[in-house]
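FYI, it's all coordinate maths here, none of it is from the lab. A quick note: this is a predicted structure, and the numbers were derived from the prediction, not measured. Positions of Cβ are backbone-derived with ideal geometry, glycine not excepted, and every protein chain shown enters the neighbour counts.
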Amino acid sequence: MDALTAKLSKMSKPQIILTAAGAGIAMAIAYRLADRTLDSIIPKKKPEEEIVEDEPKAHAAPPAEGAKVLSGCYDVKIGDRVVADVAHKNVRAGDVGRVVGLVAGRGSEAGRARVNFEGDRGEYNYMMGQQCHRLPIVDDIVVGDQVIVAATGKRGVIAGGCEGSATKVQVDVDGKTVIVEREDLDHAPLVGKFLTKGDCVRACAPFEHVGVGDRGVVAGPCSSLGLDSFRSRVLVDFGTKGRYNYTRAQLAFESLVGDYAKEDKVVATQPLPGVPVGETGVVIGLARPRGCAALRVDFGPRGTVDADVNSLDHAPLVPGHRIKKGDRIVAKVAYEETEVGDVGVVVGPCDREMHARDLRVCVLWERTKAKNNWQPGRHIELASESRRMESSAQ
């Protein structure tokens, strides 16, 4: 402090004011950048930079450290087999290895698995989730996955495979272990009512090599307790671009059939089993059997129905307004980078918990590529209505 006081005493009053102003601007810029990036959300270092190889043999993690995981799908033990998602030296993405030790995490960080990869490819510490995942039992099902038994609607956790069967798995449901065919299971929601493992999504926020619009697949729940709002995040596999923990608001569902995606609000245009024309519902996935051009729609009290896409149409998203998914809209007010008159496309209902959520729709702006939630009538209007009003004014 003495040195600083001495330095300030030699400066003129204008110099002191300019210095303080410059520091204030720098702090404001730093705060604004920190608030707008994913740096506080997603680890700054690339997964491959975090692999540890030149340390002593791994030791067993204490119970307190081993508990620092959000899901059993990441809570491996010695002897478990895993698959590499990150290439490192002789290890390639897709190589299989066996866990030979556990390394305790620091602070709120999850620990790592010491993995010996088959084919003498080496032994390294890999982070579960971002750098490797459990070897699947059937399809993408792994131990620890949360699932829904289709026949009963009950939630359970995958406990293991079924000896002698390549299609059945063991599921812990209500304290009992049952044997279920893989095709009779659905992944349970990870965040909200709809986002599940295996969902195809697109990034709405850039990070490192991942750009806006890049396609990814939800690989599981958030893999790190050290991230902000970790319970609202899922781990997304962006292929060669990496695996990162994104919030629901930073993702958009990819279309399932036509332009219909999960979470879309639809209306029946033809009679369906137990559902009259004009009834509204929400798309929750593909119909069974998978592969047909039909969607599974939740019509609330009328039940869940598999509906051909030709018997559906997009429904208005907000009471009292005609705005639907896919509509082009115009901004009536300015917000952050969005200016009055900017054009955007409605991509679905409000995608986050916030004030007046039921009165908002999610908009992707064409000029800025920003995605946020706006109120029809108050904040935005249909582009067609905007043009009509302009013509009337002339």
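With both labels modelled 7 Å from their Cα along Cα-to-Cβ, the ALA334 to ASP228 distance reads 2.5 nm. Pull out a ≥ b ≥ c, the square roots of the eigenvalues of the alpha-carbon gyration tensor of region 222-308, then state rounded if a/c is under 1.5, prolate if not and a/b is larger than b/c, and oblate in the remaining case. Because a/c hits 1.5 or more and a/b exceeds b/c, region 222-308 counts as prolate.
VAL178 to ALA159: extension gain in nm, 0.36 nm per residue of separation minus the Cα-Cα distance?
Stretched out fully, the VAL178 to ALA159 stretch lengthens by 5.9 nm.
What is region 183-263 by shape, rounded, prolate or oblate, if you read a ≥ b ≥ c off the alpha carbon gyration tensor as root eigenvalues and call it rounded for a/c under 1.5, prolate for a/b larger than b/c, and oblate otherwise? Oblate is the answer for region 183-263, as a/c is 1.5 or above yet b/c matches or exceeds a/b. Taking label points 7 Å from Cα along the Cα-to-Cβ direction, ASP139 and LYS193 give a separation of 2.3 nm. The label-point distance for ALA150 and HIS209, in a model that sets each label 7 Å from Cα toward Cβ, rounds to 3.6 nm. Which entries in LYS197/LYS324; LYS77/LYS168; LYS241/LYS265; LYS262/LYS371; LYS193/LYS325 show an alpha-carbon gap greater than 25 Å? Violating the 25 Å Cα-Cα cut-off are LYS197/LYS324; LYS241/LYS265.
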